[in-house]
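Contents: one structure, followed by commentary.
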Amino acid sequence: MQTISKILSNIAVSNMSVYREIKKVTTHVLSEMKLRGEKISMLTAYDYSTAKIIDDAGIDVILVGDSASNVMAGHETTLPITLDQMIYHASSVVRAIDRALVVVDLPFGSYQGNSKEALNSTIRIMKESGAHAIKMEGGAEIIESIQRILTAGVPVMGHLGLTPQSIYKFGTYTVRAKEEEEAEKLIKDSQLLQEAGCFALVLEKIPAELAKRVAQNLHIPVIGIGAGNGVDGQVLVLHDMLGINKQFNPRFLRRYLDLYGEIKGAVEQYIEDVKSTDFPNEKEQY
Ligand code: KIV
């Protein structure tokens, strides 16, 4: 049975939210959502079939994250994934989409060299996948590249806090910006990204109070992962929230399904049915 407060909060959400009426999510729609206090929902996807499901469900933003390197290819880090592989994933996602904004990660090694390299990689993503925007990790050190990409008319999403492409610099995946010096740099970087023209910013695994402060300081939407509830939206890796990954259990992750168990159970049942000749039965053959 639902509590009264749950029922009231559901009514408030359905009154406030116009998300189902939005035909196409654009960067402009996202800034309007921030203005009226409507939270932005974002998930990763890397293939046609899952992108179709989450777009039909009404997700606002789909991130073709370089986390594909971990969850799709089984690498330990996001570093090995290539630009060609990101384009393959992104074009599969774009073919599935009617409504969501599709943002693609520039992978490690495709933009750090110089701003021309960053622009060339971006142009390949936009031309070959049909995506709507790109995301890059970093602050002051990538501002020139961001400006050059924006000059070409491509929207850029920033990413600060835990930036997995720099994992060998950090050494661990623990919470970032707990110390004042790093927190101050993050605040400065977030302002630089906004001034450069980023349309939104992802904050990963930083203290909730700091994330809230950044979101309040900026007029662009701030989307958190492990950054608390004071930001303008949330992003999770789809495979994590569906429980396909068993090994990854950070505190910030809410699992909505145990798909690992569900899929394993279904496959075990199928094996049993085949072995016992129960499958196919008379109705399942010609
Ligand atoms: O690659 C990714 O999935 C990401 C999210 C964790 C924000 O960058």
Inset, instruction - Could you work out how far helix 48-57 tilts from the main Cα principal axis of the chain, as a 0 to 90 degree angle to the nearest 10? - result: 80 degrees
Legend entry - Cα gyration tensor shape for the range 150-224, rounded if a/c is under 1.5, else prolate or oblate: oblate
Inset, instruction - Over the chain, average the accessible area per residue using a 1.4 Å probe and give it in Å², no decimals. - result: 54 Å²
Legend entry - Proximal charge balance of Ile53 [Cβ under 13 Å; K/R count +1, D/E count -1]: -2
Inset, instruction - Quick one: how many lysine pairs does the range 25-255 have with C-alpha atoms less than 15 Å apart and a gap of 8 or more or different chains? Give me the count, please. - result: 5
Inset, instruction - Take each of the peptides 96-108, 26-38, average the number of other beta-carbon atoms within 10 Å over its residues, and list them starting from the highest. - result: 96-108, 26-38
Legend entry - Between 0 and 90°, nearest 10: helix 27-36 axis offset from the chain longest Cα axis: 80 degrees
Legend entry - For the range 160-175, Karplus couplings with θ = phi - 60° (6.51, -1.76, 1.60), whole Hz, Gly/Pro x: 10, x, 6, 10, x, 5, 9, 4, 6, 6, 6, x, 9, 9, 6, 4
Inset, instruction - Give the Rg (one decimal place) followed by the Dmax (whole number) of the range 101-187, computed from C-alpha coordinates and expressed in Å. - result: 13.8, 42
Legend entry - Radius 10 Å from Cβ of Gly226, net charge of other residues (Lys, Arg +1; Asp, Glu -1): +2
Inset, instruction - Rounded to the nearest 10 degrees, what's the angle between the helix 4-16 long axis and the longest principal axis of the chain, both from Cα atoms, 0 to 90? - result: 60 degrees
Legend entry - Rounded Å value of the spacing that divides the Cα centres of the range 85-134 and the range 211-281: 23 Å
Legend entry - the chain: projected area of the alpha-carbon convex hull, averaged over directions, in nm²: 18.9 nm²
Inset, instruction - State the percentage of accessible surface on the range 25-255 attributable to carbon and sulfur atoms; use a 1.4 Å probe and exclude ligands, DNA and RNA. - result: 53 percent
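Asp278: net charge of surrounding residues, Cβ under 14 Å, Lys/Arg +1, Asp/Glu -1, itself excluded?
Numbers: positive: Lys275, Lys283; negative: Glu268, Glu272, Asp273, Glu282, Glu284.
Local net charge: -3.
The values are calculated or read from the model by the stated rules, or taken from the named source; none is laboratory data. These numbers come from a predicted model, not from an experiment. All Cβ positions, even for glycine, are placed from backbone atoms using ideal geometry, and neighbour counts span all protein chains on display. Keep in mind that these areas ignore ligands, DNA and RNA; they rest on the heavy atoms of the full protein, side chains included. Shrake-Rupley method; radii C 1.70, N 1.55, O 1.52, S 1.80 Å.
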